[in-house]
Every structure is written in C-alpha cells, then in structure tokens.
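This report refers to the structure that appears directly beneath it.
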Amino acid sequence: MFKHTIEYTDFNGTERKEDFYFHLSSVEVTRLEAELGKPLAEYVKELDADKDLKTLMDFLEKVILNSYGKKTSDGKSFMKSKTIREEFEYSQAYAELFEQLLTNQDLARKFGENVSNNGSTKKNAVAPQVVNN
C-alpha cells in the first residue's frame with residue numbers, strides 16, 4: 001500500500017493537506033498483467049525505454065485510478081468503487097499527484113514499489129522512471 005500526503009487547493013479556494021491511499025491487490029495485479037500480456041516489471045521497463053509519453057501517461061492514469069481507495073478504520077478492508085474513484089479523479093488532489101509522479105522520479109519509484117506491496121516480500125514495480133531531470 002502506498003500512502004501519500006497531498007497538498008492542494010480545492011475548487012472553493014481552500015488549501016488542503018490530506019492523506020490518500022493506493023493499493024493493487026494480487027488479483028488486480030494479475031488482471032493488469034493479463035491485459036498487458038506481460039509482467040508489470042517488464043512492461044514498465046519497456047515504457048521507460050520507449051519514452052512514449054502518451055502510453056506512459058495512459059498507464060500512469062490507469063494505475064493511479066485503479067489503485068485509489070479508502071482504507072477502513074479497522075484496516076480490514078480497502079474500499080474501491082466507481083463513486084470513490086470518480087470523487088478522486090475529478091479532484092485537484094488527483095491533478096497534483098499526477099503531476100508529482102510525472103516530474104519526481106523518487107516519488108514515482110516509491111509509488112511503483114509500494115502500490116502493489118502490502119507487506120509481502122514480492123514487489124511489483126508499476127511506475128517507470130518518468131521524467132529525467
């Protein structure tokens with residue numbers, strides 16, 4: 001699971017600082033790999049090598065939005081729904097995170113290493129080294 005604090009200004013002009021959570025279960029990773037036709041780590045390496053910005057942005061958006069959810073207070077569940085996803089997708093917090101992941105290699109790497117890891121030893125890196133500074 002990846003927890004990230006995002007500072008942003010909402011549509012009412014209010015400055016906010018909130019924690020957001022992202023996680024792909026092993027089932028979701030398997031589905032994504034089946035869709036891509038290869039392991040995530042291999043796909044990410046190819047994305048990084050190709051430098052195809054459109055494909056990269058599409059993949060990044062898919063991973064962010066499919067991994068976003070809300071952790072229950074007891075930690076037993078990670079809730080995802082169309083409503084939860086859309087609430088985040090259309091927020092300024094999402095826009096801020098997307099930009100951060102595109103421009104901050106360290107953050108993109110941490111996101112990729114942790115979004116599909118929930119304390120297990122297996123890591124599925126899902127975020128490429130996005131922009132070279």
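The values are calculated or read from the model by the stated rules, or taken from the named source; none is laboratory data. All figures in this text were calculated on a predicted structure; none of them were measured in a lab. With ideal geometry, Cβ positions are generated from the backbone for all residues, glycine too; neighbour counts draw on all protein chains shown. All accessible areas refer to the heavy atoms of the entire protein, side chains included, with ligands and DNA or RNA removed. Shrake-Rupley method; radii C 1.70, N 1.55, O 1.52, S 1.80 Å.
Filtering the stretch 70-94 to residues that are in a loop (DSSP other than H, G, I, E, B) and on the phi < 0 side of the Ramachandran plot leaves T72, S73, D74, K76, S77, K80, S81, Y90, S91. Kindly indicate whether any position in the stretch 84-92 is over 20 Å from S116 (Cα atoms), in contact with a strand residue (DSSP E or B) (Cβ under 8 Å, 6 or more places away or on another chain) and not β-branched (V, I, T). Yes, the stretch 84-92 contains a residue that is over 20 Å from S116 (Cα atoms), in contact with a strand residue (DSSP E or B) (Cβ under 8 Å, 6 or more places away or on another chain) and not β-branched (V, I, T).
Would you confirm whether or not the stretch 115-123 contains a residue that is open to solvent by less than 50 Å² (accessible area, probe 1.4 Å) and at pLDDT 90 or above? Looking for residues that are open to solvent by less than 50 Å² (accessible area, probe 1.4 Å) and at pLDDT 90 or above, one finds at least one in the stretch 115-123, hence yes.
Just checking, does the stretch 2-14 include any residue being assigned to a strand (DSSP E or B), within 17 Å of K110 (Cα to Cα), open to solvent by 50 Å² or more (accessible area, probe 1.4 Å) and out of contact with any Pro (no Cβ under 8 Å at 6 or more places or on another chain)? Yes, the conditions are met somewhere in the stretch 2-14.
A108: surrounded by 18 or more Cβ atoms within 10 Å (Cβ to Cβ) and either touching a residue at least 12 places away in the same chain (Cβ under 8 Å) or in a loop (DSSP other than H, G, I, E, B) (or both), yes or no? When the stated conditions are applied, A108 passes them.
Within the stretch 93-101, does at least one residue satisfy the condition of being over 17 Å from E7 (Cα atoms), open to solvent by less than 70 Å² (accessible area, probe 1.4 Å) and polar (S, T, N, Q)? Walk me through it before giving the result.
Looking only at the stretch 93-101, we keep the residues that are over 17 Å from E7 (Cα atoms), and these are none.
Scanning the stretch 93-101 turns up no residue that is over 17 Å from E7 (Cα atoms), open to solvent by less than 70 Å² (accessible area, probe 1.4 Å) and polar (S, T, N, Q).
Cβ separations smaller than 8 Å between residues 6+ apart or across chains give the following pairs from the stretch 31-51 residues that are under 18 Å from N114 (Cα atoms) to residues that are modelled with pLDDT of 90 or more and of a type in the set (K, R): L32/K62. Does the stretch 64-73 contain any residue that is open to solvent by 50 Å² or more (accessible area, probe 1.4 Å) and within 11 Å of the chain's Cα centre (by Cα)? The answer is yes; a qualifying residue exists. Is at least one residue of the stretch 16-23 within 17 Å of L101 (Cβ to Cβ), more than 14 Å from the chain's Cα centre (by Cα) and open to solvent by less than 50 Å² (accessible area, probe 1.4 Å)? No, the conditions are met nowhere in the stretch 16-23. Residues in the stretch 74-92 that are open to solvent by less than 50 Å² (accessible area, probe 1.4 Å) and touching a Ser or Thr at 6+ places or on another chain (Cβ under 8 Å): F78 only.
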